[in-house]
Amino acid sequence: MDVFSKIEIVFESPDFLVLNKPAGLSVHGDGISTEKTLADWLVKKYPSLAEVGEPMLSQKGVKILKPGLVHRLDRDTSGVLLVAKNQPTFLFFKDQFQNHQAHKSYRAILYGEIKFKPGESGRTIDVPIGRSPSDPRRRVASLKASGTLREAVTNYRVLKTSPDFSYVEAEPKTGRTHQLRVHFKAINHPIVCDHLYAPKLSCPPGLGRQALHAFKLELKLPNGEPGSFNAPLPADFSQTLDSLGLAC
């Protein structure tokens, strides 16, 4: 099945779109790969979006369109994604993301059982993130990182556990590249099937990508009203929860 056919429109107004992005689809290009991206789908379906947002230049000087894309998700992360249809709306939403006023909630399956103390409802990972000195694709939550360490904060709570896995809800309070993937690796509970950050750990059958899903997005809408948007768990994620005894 073509990955474009899996894109779901959760909500649409004259000013913005909320999508449920499938896993396996990059949000925009990198100036090197010829793989089709969500940006390609957006421009084909909404041609005027080519003029919305903030394009970027690749290291080779190739212009990369980011049509209306207010934020991004990793290629193999599924879930809620916000797209502005015009520049004023783009700037309105961008300001909320930059000032940490947009609230994102993710669901993730982690390796290992996380045990909370009685009465403990959640925890915070407050560890800065920088680039890996050995692999340009990776980020690390360590003083050994190369370049500038940037503040990164993640709140999380456990939804259900088994002897070998934990199902959690996570809320990143900052928006660093790979933040949740890096933070959970830093506490020795990497995300299941994360081939970049946990390449030597076994992956449950039927799940070929990291078990990370952007479940909810809450922010202020252009009309001043609060907005809340959910993306249902995809089939591969739900089936993995069932097989691991973590379904809630």
Only one of (1) under 21 Å from I125 (Cβ atoms); (2) open to solvent by 50 Å² or more (accessible area, probe 1.4 Å); (3) modelled with pLDDT under 95; (4) not polar (S, T, N, Q) fails for A152. Which number is that?
(2)
Mind listing just one residue for me: the one in the stretch 170-201 that is surrounded by fewer than 16 Cβ atoms within 10 Å (Cβ to Cβ) and touching a Phe, Trp or Tyr at 6+ places or on another chain (Cβ under 9 Å) and, of those, nearest to H71 (Cα to Cα)?
G175
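Mind telling me which of the residues V80, V10, V70, V18 ends up being open to solvent by 50 Å² or more (accessible area, probe 1.4 Å), touching a strand residue (DSSP E or B) at 6+ places or on another chain (Cβ under 6 Å) and within 19 Å of A102 (Cα to Cα)?
V10
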Search result, residues across the stretch 164-208 that are farther than 19 Å from K104 by Cβ and in contact with a helix residue (DSSP H, G or I) (Cβ under 8 Å, 6 or more places away or on another chain):
P190, V192, L196, Y197, A198, P204, P205, G206, L207, G208
Mind checking which residues of the stretch 235-245 are surrounded by 19 or more Cβ atoms within 10 Å (Cβ to Cβ) and part of a loop (DSSP other than H, G, I, E, B)?
L244
Kindly indicate whether any position in the stretch 96-105 is touching a residue at least 60 places away in the same chain (Cβ under 8 Å), part of a helix (DSSP H, G or I) and either of a type outside the set (V, I, T) or open to solvent by 10 Å² or more (accessible area, probe 1.4 Å) (or both).
yes
Just one of (1) among the basic types (K, R); (2) within 30 Å of F11 (Cα to Cα); (3) open to solvent by 40 Å² or more (accessible area, probe 1.4 Å); (4) assigned to a loop (DSSP other than H, G, I, E, B) trips up K216, so point out which.
(4)
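From the list K117, K200, K144, pick out the single residue that is farther than 26 Å from A247 by Cα and either of a type in the set (G, A, S) or assigned to a loop (DSSP other than H, G, I, E, B) (or both). Can you show your working first?
Values: K117 fails: farther than 26 Å from A247 by Cα; K200 fails: farther than 26 Å from A247 by Cα.
It is K144.
Taking the conditions exactly as written (in contact (Cβ under 8 Å) with a residue 12 or more places away in the chain, β-branched (V, I, T) and touching a Cys at 6+ places or on another chain (Cβ under 8 Å)), does V182 satisfy them or not?
Values: in contact (Cβ under 8 Å) with a residue 12 or more places away in the chain: yes; β-branched (V, I, T): yes; touching a Cys at 6+ places or on another chain (Cβ under 8 Å): no.
Spelling it out, it is not the case that V182 is in contact (Cβ under 8 Å) with a residue 12 or more places away in the chain, β-branched (V, I, T) and touching a Cys at 6+ places or on another chain (Cβ under 8 Å).
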Return the pairs, sorted by first residue and then second, in which the second residue is of a type in the set (A, V, I, L, M, F, W, C) and assigned to a strand (DSSP E or B), the first residue lies in the stretch 142-166 and is without any contact (Cβ under 8 Å) to a residue 12 or more places away in the chain, the beta carbons are less than 6 Å apart, and the residues are 6+ apart or on different chains.
none
Qualifying positions in the stretch 119-136 - open to solvent by 100 Å² or more (accessible area, probe 1.4 Å) and within 13 Å of Q179 (Cα to Cα)
D126, R131
What number of residues in the stretch 24-50 are closer than 19 Å to R209 by Cα and either open to solvent by less than 30 Å² (accessible area, probe 1.4 Å) or among the basic types (K, R) (or both)?
7
Do we have any residue at all in the stretch 49-61 that's touching a helix residue (DSSP H, G or I) at 6+ places or on another chain (Cβ under 8 Å), polar (S, T, N, Q) and outside any strand (DSSP E or B)?
no
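The values are calculated or read from the model by the stated rules, or taken from the named source; none is laboratory data. Everything quoted here is computed from the prediction, not taken from an experiment. Positions of Cβ are generated from backbone atoms using ideal geometry, with glycine treated the same way; all protein chains shown enter the neighbour counts. These area figures cover heavy atoms from the full protein model, side chains too; ligands, DNA and RNA do not enter into them. Shrake-Rupley method; radii C 1.70, N 1.55, O 1.52, S 1.80 Å.
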